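K.L.:
Sharing a structure with you now.
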Amino acid sequence: MKLGVLFSGGKDSTFACWKAMQQEEVVCLITVISGNPESYMFHTPNIHLAALQAEAAGLPLVEVETAGEKEEELLDLARALLAAREQFGIEGVVTGAVLSVYQAARVQRVCRELDLWCFNPLWNADQEAYMEEIIDAGFRVIIAGVFSSPFDESWLGREIDRRTLDELREIARKHRITLIGEGGEFETFVIDAPFFSRRIAIEEVSRVYRNYNGVLRIERAGLVAK
């Protein structure tokens, strides 16, 4: 089956893409660029680098912009899926949804209306096992946004390795948040994955941080040999 992956450049959509590749044919990535940083549907930190990640993965990218207005953005999602079907013949869509019923239900509804299959390979995944597999499989993931206590500015740009994962476990336990940041406590950016032919080298960043709310914006990056 030919699949398109809803792709944000974060760990969940990138990992879901890798899982889908093991079962079916992924023919394109699909990115919705939201003008609303508070969008509940679409990840926004460093979305401008999805094209660079697609190049690393050797996959074509379908990009559609949206103002990010609630529910209206679903029309833009439908436009993106239609473009992917027209250009690449997709029969189904893969998402990185893990726990968000809000996101999953809306994507499924749009897919149903367009007569496309919808797959959520990470749905209700064991969070411990998932985070361990990310590291074991060779994904390199950095934290690109923090949006709640106790994440201070030092978290911006940190790679999720075993030491970081241990700290996240403790934070999740103490603060009653999800280990994977599914509640929006933090956002991620993938600099390398098993299916990338080259990795992303970050050359210049800027940080904006205030009151447990901050973003690492990657201003310049390129592809280098692994």
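K.L.:
Distance in nm between label sites at Leu223 and Trp123, each 7 Å beyond Cα in the beta-carbon direction?
P.N.:
Taking the two extended label points, one gets 3.3 nm.
K.L.:
Determine which lysines satisfy two conditions relative to Lys226: a Cα distance under 24 Å, and not lying fewer than 8 residues away in the same chain.
P.N.:
Lys11, Lys19
K.L.:
Give me Arg158, Arg163, Arg199 ranked fewest to most by other Cβ atoms within 10 Å of their Cβ, as a rough exposure proxy. Let's see the in-between values first.
P.N.:
On the way: Arg158 19, Arg163 10, Arg199 15.
Listed from fewest to most nearby Cβ atoms, that is Arg163, Arg199, Arg158.
K.L.:
On C-alpha positions alone, give me the angle between the axis of helix 127-136 and the longest principal axis of the chain, in degrees, nearest 10.
P.N.:
Its long axis makes an angle of about 90 degrees.
K.L.:
While we're on this one: Once the Cα atoms of helix 72-88 and of the chain are each reduced to a long axis, what angle between those two axes, in degrees from 0 to 90 to the nearest 10, is obtained?
P.N.:
Result, in degrees: 60.
K.L.:
Just Ser149, Ser13, Ser100 to compare: in a GNM of the chain, with alpha carbon springs under 10 Å, which one fluctuates most?
P.N.:
Its mean-square fluctuation being the largest, the pick is Ser149.
K.L.:
Okay, moving on. Give the long-range amide H neighbours of Ile30: residues separated by 5 or more places, or on another chain, with amide H under 5 Å away, using H modelled in the peptide plane at 1.01 Å from N.
P.N.:
Those qualifying (amide H under 5 Å, at least 5 residues apart or on another chain) are Val5, Leu6, Phe7, Val62.
K.L.:
What's the Kirkwood radius of the chain in Å, using all Cα pairs? Provide the component values of the computation, followed by the final result.
P.N.:
Details: mean 1/r = 0.0568 Å⁻¹.
Evaluated on the chain, it is 17.6 Å.
K.L.:
Using Cα atoms only, what is the angle between the long axis of helix 11-21 and the major principal axis of the chain, expressed in degrees (0 to 90) to the nearest 10?
P.N.:
The angle comes out at about 40 degrees.
K.L.:
Would you compute, from DSSP H runs of 4+ residues alone, the mean residue ellipticity of the chain at 222 nm, taking -39500 (n - 2.57) per run and dividing by the full residue count, rounded to the nearest 500?
P.N.:
Working: 6 runs with 73 residues, N = 226.
So the helix-based figure for the chain works out to -10000 deg cm²/dmol.
K.L.:
Could you state the number of Å between the C-alpha centres of region 81-145 and region 2-58?
P.N.:
About 8 Å separates the Cα centre of region 2-58 from the one of region 81-145.
K.L.:
Residue farthest toward the positive end of the dipole of the chain, with Cβ of Lys/Arg at +1 and Asp/Glu at -1: which of Phe7, Gly58, Phe186?
P.N.:
Value: Phe186.
K.L.:
Quick one: length gained pulling Arg198 to Leu82 fully straight, 0.36 nm per residue minus the C-alpha distance? Let's see the in-between values first.
P.N.:
Values: separation 116, 0.36 × 116 = 41.76 nm, distance 2.96 nm.
Result: 38.8 nm gained on full extension.
K.L.:
Based on Cα coordinates alone, diagonalise the gyration tensor for region 2-119, multiply each eigenvalue by 5, take square roots, and list the semi-axes in whole Å, largest first.
P.N.:
So the three semi-axes of region 2-119 are 19, 16, 14 Å.
K.L.:
Between Glu132 and Lys174, with labels modelled 7 Å along Cα→Cβ, what's the label distance in nm to one decimal, could you check?
P.N.:
Label at Glu132, label at Lys174, 2.4 nm between them.
K.L.:
Using a 7 Å offset from Cα along Cα-Cβ at Leu165, what residues in region 176-219 end up with backbone N under 15 Å from the label point?
P.N.:
Label zone hits: 179-181, 194.
K.L.:
Work out the length of the dipole vector of the chain about its Cα centre, built from +1 on the beta-carbon of each Lys and Arg and -1 on the beta-carbon of each Asp and Glu, and round it to the nearest 20 debye.
P.N.:
280 debye
K.L.:
Sticking with this one: Between Leu75 and Lys2, what is the spin-label point distance in nm, taking each point 7 Å from the Cα along the Cα→C-beta axis?
P.N.:
Reported label-point gap for Leu75 and Lys2 is 2.8 nm.
K.L.:
Given a Förster radius of 30 Å and the C-beta distance between Tyr102 and Ser154 as r, what FRET efficiency does 1/(1 + (r/R0)^6) yield to the nearest 0.05?
P.N.:
0.50
Every number in this text was worked out from the coordinates using simple rules, so none of it is lab data. Everything numeric in this text was worked out from a predicted model, so none of it was measured. For neighbour counting, all protein chains shown are included, and Cβ atoms are generated from backbone atoms with ideal geometry for every residue, glycine included.
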